[in-house]
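Beneath this line is the structure, given in structure tokens, with notes to follow.
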Amino acid sequence: MKQYRNYIAGEFVESTRRFDDIDPADGSVIAQVHEADRAAVETAIAAGKAAVDGAWGKTPPAQRAAMLYRIADEIERRFADFLEAEMSDTGKPTSLASTVDIPRGAANFRIFADILKTAPLESFKTDLPDGAHAINYTVRKPLGVVGIISPWNLPLLLLTWKVAPALACGNAVVCKPSEETPGTATLLAEVMHAVGMPAGAFNLVHGFGPDSAGEFITTSPDIDAITFTGESRTGSAIMRAAAEHVKPISFELGGKNAAIVFADCDFDKTLDGMMRAIYLNSGQVCLCSERVFVERPIYERFVAALAERLKSVKLGWPTDAATTMGPMISAEHRDKVLGYYALALEEGASFIAGGGVPHFGNALDNGFWVEPTVVADLPDSARCIKEEIFGPICHVAPFDTEAEVIRRANDTRYGLAATIWTTNLNRAHRVSQSMKVGLAWVNSWFLRDLRTPFGGSGLSGIGREGGMHSMNFYSELTNVCIRIDQEPT
Ligand code: NAD
């Protein structure tokens, strides 16, 4: 049986407590994961501090950037291993993991290496009343040891999204991937080892949240900052833990995202785009659209076309190139999603497509599958419209005016993403700027330039990462102010 060990102070470390890593496509056990106890997490944090004070902290930015490039190269060299690990941990199809997850895992290191090399710093000249002046300039320093806690939906992509800028800024990291998806994180530790990352700069600890590695990281007084992606209620537990010692936090949390389809949209392109926006990764992307508003003149046609498109979605083995949709991540999450399908029925929804569990007649029947689903006719106040489901389901609703749809789209405690489909230029700007979200896409969705701010408001998170926003979060800035007296006369 494959063993996923912790990586602490430059060494792979076993533990006595182990848990199973399950392939959600067929429910089989694929690896044993070594759960880090409190002592192991403390050792990792101490190793991180030693690395920041030592070899890694003394590595000049140009060499840090070169190291990040080597990491990206090594991920690409081991592309097949990463792909296999990601597919078996998540069940996501090769068509997705090979084009999104693994390439972005490598790209995250290159972009932050490039940003590190070009990151500007502020400087001001300050005139003083006595005729003298002062020069102010900032210097960027690492925060120290950063705790990184990541989710299971895009395991390598979301972990490296934080590891890369944290290392670029000279920090050490202690990472805890989701207990559901420890595979690619363990491979990343192998990559760090292979490229000669100084011991302690990158540490990996496996485990769960409460009373396990996650909590041991977030409650440690020696962790200097916490960056977290996951559910909003986990964010609130981590915020409470971090409050004790007052430290920077960056949170990328849940969403209940709206899509707005105007009657003047390019119908076919919109349908293609909305299929991705609703169903990519089986709807298990924080950015996915669970609330779809369609302007009334094209409502019936759009809903019928969406239901028709769903017939071509192919659920199946992740390794099959023809598969377009995978399972839910776990039995527990499958039950949660099915619970929302049942709740939708109770709340009075009409099922336009899906709503059940597919049957394969092979080992896939032991996996955690649900049918891609479209529902309609729920009031905006329904729980299915208010709560994040995180599965392959959307609710479609007609609307009549721009003002009405803006109000309804913004009627949520989340504030992550919106996608707007229209060919009217003025409307595109007006509506996208009115969305109470961190990310508004027009005639596109999940189209990312990694230099731009990424994050959400309300229950969707705190802060922005991406480009210079990441550099600023992962750095401590010191402003140096120098008074320069006038030349004596
Ligand atoms: P989760 O919150 O259950 O778990 C995320 C991570 O937190 C895991 O590693 C878990 O072990 C750890 N954890 C759980 N409880 C903890 C605690 N008390 N202390 C410390 N660590 C703890 O989230 P998930 O189910 O893995 O991921 C799905 C969620 O993530 C969805 O809500 C989704 O919207 C959100 N998400 C957000 C973004 C974004 O960028 N905004 C991206 C991806 C996913």
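Quick notes on this one:
- Verdict on residue 231 being within 14 Å of the ligand (Cβ to nearest atom) and out of contact with any strand residue (DSSP E or B) (no Cβ under 7 Å at 6 or more places or on another chain): yes
- Residue in segment 289-337 that is farthest from the ligand (Cβ to nearest atom), counting only those that are in contact (Cβ under 8 Å) with a residue 24 or more places away in the chain and hydroxyl-bearing (Ser, Thr, Tyr): 299
- Among all positions in segment 145-153, there is at least one residue which is away from the ligand (no atom under 13 Å from the Cβ), modelled with pLDDT of 95 or more, closer than 19 Å to residue 52 by Cβ and not charged (D, E, K, R).
- Of all residues in segment 179-196 being surrounded by fewer than 24 Cβ atoms within 10 Å (Cβ to Cβ) and over 16 Å from residue 79 (Cα atoms), the one that is farthest from the chain's Cα centre (by Cα): 196
- Of the candidates 298, 352, the single residue that is in a strand (DSSP E or B) and surrounded by fewer than 23 Cβ atoms within 10 Å (Cβ to Cβ) is 352.
- Of residues in segment 188-228 being closer than 15 Å to residue 177 by Cα and in contact with a Pro (Cβ under 8 Å, 6 or more places away or on another chain), the one farthest from the ligand (Cβ to nearest atom): 204
- Taken as a whole, segment 121-128 holds at least one residue that is modelled with pLDDT under 95 and closer than 21 Å to residue 224 by Cβ.
- Residue in segment 262-270 that is surrounded by 22 or more Cβ atoms within 10 Å (Cβ to Cβ), assigned to a loop (DSSP other than H, G, I, E, B), in contact (Cβ under 8 Å) with a residue 60 or more places away in the chain and not aromatic (Phe, Trp, Tyr) present: yes
- Test: residue in segment 365-372 that is surrounded by fewer than 22 Cβ atoms within 10 Å (Cβ to Cβ), within 23 Å of residue 446 (Cβ to Cβ) and aliphatic (A, V, I, L, M): no
- Residue in segment 399-418 that is closer than 30 Å to residue 119 by Cβ, touching a Ser or Thr at 6+ places or on another chain (Cβ under 6 Å), assigned to a strand (DSSP E or B) and at pLDDT 95 or above present: yes
- Residue 391 satisfies every condition listed in (1) without any contact (Cβ under 8 Å) to a residue 12 or more places away in the chain; (2) in contact with a Gly (Cβ under 6 Å, 6 or more places away or on another chain) except (1).
The values are calculated or read from the model by the stated rules, or taken from the named source; none is laboratory data. Note that this is a predicted model, so its numbers are computed, not measured. Reconstructed Cβ throughout: ideal geometry from the backbone, glycine too, with neighbour counts over all protein chains shown.
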